[in-house]
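**Student:** Here you go, one structure.
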Amino acid sequence: MKRNGWSEKWNQTFPKTEAEIFKEKGNAFYIKKEYSEAFNYYTKAIDACPKNASYYGNRAATLMMLSRFREALEDSQQAVRLDDCFTKHKNAAALLEFEKMAEYGFEKRDFRKVVFCMDRALEFASACHKFKILKAECLALLGRYHEAQSVASDILRMDSTNADALYVRGLCLYYEDCIEKAVQFFVQALRMAPDHEKARLACRNAKALKAKKEEGNNAFKDRDYDAAYQLYTEALTIDPNNIKTNAKLYCNRATAGAKLNKLEQAIEDCSSAIKLDDSYIKAYLRRAQCYMDLEQYEEAVRDYEKVYHTEKTKEHKTLLKTAQLELKKSKRKDYYKVLGVSKDATEDEIKKAYRKRALMHHPDRHSGASAEVQKEEEKKFKEVGEAFTVLSDPKKKSRYDSGQDLDDDGMGDFDANNIFKAFFGGPGNFSFETNSAPGNFFFQFG
């Protein structure tokens, strides 16, 4: 009670000056983050008492919250002139320096540097929306969408009409390939600030990207693969910064390219998609299928292993096993290639192919050739017989096609000549006759 009584007596004896009343009102508005009102009252305090350093210091702090840094620096410098112990001048100078560094970093697309500068600046001006927005925009450009959206959402909770925050929210959605929702935020930002150039450009790019991608998809559905390929190519030029959408465009173009039998280009497109988004499973699957079509089985196995380790589904396991089987089969003799027939050749086609190849490589045909040529042709003659032995026997062919080993079927001790004789009906049914010129011959069947 005595203390309260003394305080009342003190106030009656030494009433607060008008400047102090203005300052206190300014403090109250500053606490409530109503910085424009706080600025007005600090200005009134300065007008009433222009020699008080603390008034300039308070107004400098308010100006920093309003992002009017050069004015804040002027007030801070005036505070130092009035009281050389005043320290807020250093804060204003530091903020200006961080802002300058951030602007330079943004021009050079060094977004990490900008985020660092804004973090330092926010240590001095923790409520500054301008710093927060710049930080959030750079976080979005770095692909740190969750952090960027968190910063923008905090601002929108305090000010739902903040065009910069609406733009950043849209930017995050745009870069996450949620283009329709992104356009809604860009449009809303432009309603709040019709001259917001960044929102206008982003909105235009988003609409163009969405339209061009849909044109490509429709062309693909109509099986116009050339048109789809061209439309996806055009879409890729719209915005190089949109990583997720561009990864999908590369993969879509790869799919169209594969339909056009541009397998090498399709593989390159898939690799570009994976470079942009290394978790893009669809791109790995598309590239693996292209490798399979090109019979590059080791590469296909590597991609399917990546997919299966990421998503252990039954389908991915089957794809991996198929690629591993084809890889195993590719490391042994390809009997279909030896005979020059397709893998779905009929029994008659296999017989005709054997007849042609066996006669072509029969040792007697090359009896007048060099020892080296005779040795090579004898080897091919044996391979032709070996291929026919397997592919003409339904059980052996089935085992061969399924990738099973055939060593247990006595493949190592067969005689190609016996197969030849059996096929052509035994000795005496044909003969090779050659003239003096090597390689000139004809067949005489009995």
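The values are calculated or read from the model by the stated rules, or taken from the named source; none is laboratory data. All values reported here derive from a predicted model rather than from experimental measurement. Positions of Cβ are generated from backbone atoms using ideal geometry, with glycine treated the same way; all protein chains shown enter the neighbour counts. When the accessible area is computed, the model is the full protein with side chains, heavy atoms only, and any ligands, DNA or RNA have been set aside. Shrake-Rupley method; radii C 1.70, N 1.55, O 1.52, S 1.80 Å.
**Student:** Heads up, I need the accessible area for F29: 1.4 angstrom probe, whole protein in place, Å², nearest 10.
**Tutor:** About 40 Å², ignoring ligands and nucleic acids.
**Student:** Accessible area, 1.4 Å probe, largest first: how do E20, E123 sort? Intermediate results must be reported in sequence, preceding the final value.
**Tutor:** Working: E20 55, E123 125 Å².
These residues rank, largest area first, as E123, E20.
**Student:** Quick check for me: using +1 on Lys/Arg Cβ and -1 on Asp/Glu Cβ, what's the dipole size of the chain about its Cα centre, in debye to the nearest 20?
**Tutor:** It comes to approximately 1400 debye.
**Student:** In addition: Apply the a/c threshold of 1.5 to the C-alpha gyration tensor of region 323-364 and tell me whether it is rounded, prolate or oblate.
**Tutor:** Working: a/c = 4.88, a/b = 1.72, b/c = 2.83.
Taking the square roots of the gyration eigenvalues as a ≥ b ≥ c, region 323-364 is oblate.
**Student:** Checking the a/c ratio against 1.5 first, then a/b against b/c, what shape does the Cα gyration tensor give for region 209-286? Please list the in-between numbers first.
**Tutor:** Values: a/c = 1.88, a/b = 1.12, b/c = 1.67.
In terms of gyration-tensor shape, oblate.
**Student:** So, one more: Using helices alone, what [θ] at 222 nm do you get for the chain, with -39,500 (n - 2.57) per DSSP H run of 4 or more residues, divided over all residues and rounded to the nearest 500?
**Tutor:** Calculated at 222 nm, the ellipticity per residue is -23500 deg cm²/dmol.
**Student:** Now for a different question. What figure, in Å² to the nearest 10, do you get for the accessible area of S398 with a 1.4 Å probe and non-protein molecules left out?
**Tutor:** Using a 1.4 Å probe on the heavy atoms, I get roughly 70 Å².
**Student:** Here is a further query. Could you sort H196, H146 by their accessible area in this structure, using a 1.4 Å probe and putting the largest first? Please list the in-between numbers first.
**Tutor:** Numbers: H196 25, H146 155 Å².
Highest to lowest solvent-accessible surface, that is H146, H196.
**Student:** Please work out the average accessible area per residue across region 352-396, using the 1.4 Å probe convention, and give it in Å².
**Tutor:** Working: 2610 Å² over 45 residues.
For region 352-396, the per-residue accessible area is 58 Å².
**Student:** Related question: Over the chain, what relative contact order in percent results from Cα pairs under 8 Å that are six or more residues apart? Each step should come with its number before you reach the end.
**Tutor:** Working: 540 pairs, mean separation 23.1, N = 446.
Averaging sequence separation for qualifying contacts and normalising by length gives 5 percent for the chain.
**Student:** How much solvent-accessible surface does D401 expose, in Å² to the nearest 10, with a 1.4 Å probe and all protein chains in place?
**Tutor:** 50 Å²
**Student:** Ok, one more. Across region 144-158, in residue order, what do the Karplus-derived ³J(HN,Hα) couplings come to in whole Hz, using 6.51 cos²θ - 1.76 cosθ + 1.60 with θ = phi - 60° and x for Gly and Pro?
**Tutor:** 9, 5, 4, 5, 4, 5, 4, 5, 5, 5, 4, 5, 5, 5, 8
**Student:** With a 1.4 Å probe and every protein chain kept in, tell me what percent of the accessible surface of region 310-349 is carbon plus sulfur.
**Tutor:** Working: 1440 of 2820 Å².
Exposed carbon and sulfur together represent 51 percent of the surface.
**Student:** Using a 7 Å offset from the Cα along the Cα-to-Cβ direction at both D344 and K108, what is the distance between the two label points in nm, to one decimal?
**Tutor:** 6.1 nm
**Student:** Let me ask you something else. Specify which residue in the list Q289, Q265, A254 is farthest towards the positive end of the charge dipole of region 242-354, using unit charges on the beta carbon of Lys, Arg (+1) and Asp, Glu (-1), about the Cα centre.
**Tutor:** Of the candidates, Q289 comes out farthest on the positive side.
**Student:** Using a Förster radius of 60 Å, what is the FRET efficiency between T313 and E97 based on their Cβ-Cβ separation? Nearest 0.05, please.
**Tutor:** Numbers: r = 54 Å, r/R0 = 0.90.
According to the calculation, E is roughly 0.65.
**Student:** At a 1.4 Å probe radius, carbon and sulfur cover how many percent of the accessible area of region 97-183? List each step's numbers first, then the result.
**Tutor:** On the way: 1970 of 4120 Å².
Accessible surface attributable to carbon and sulfur in region 97-183 totals 48 percent.
**Student:** While we're here: Could you tell me the relative contact order of region 119-245? Use alpha-carbon pairs under 8 Å, at least six residues apart, and round to a whole percent.
**Tutor:** Numbers: 148 pairs, mean separation 22.4, N = 127.
Once divided by the residue count of region 119-245, the mean separation gives 18 percent.
**Student:** Considering only C-alpha atoms, what is the centroid distance from region 149-189 to region 23-52, in Å?
**Tutor:** Cα centres, region 149-189 to region 23-52: 33 Å.
**Student:** Going from most exposed to least, what order do K314, K130 have by accessible area with a 1.4 Å probe? Numbers along the way, then the final one.
**Tutor:** Working: K314 175, K130 95 Å².
Largest to smallest exposure gives the sequence K314, K130.
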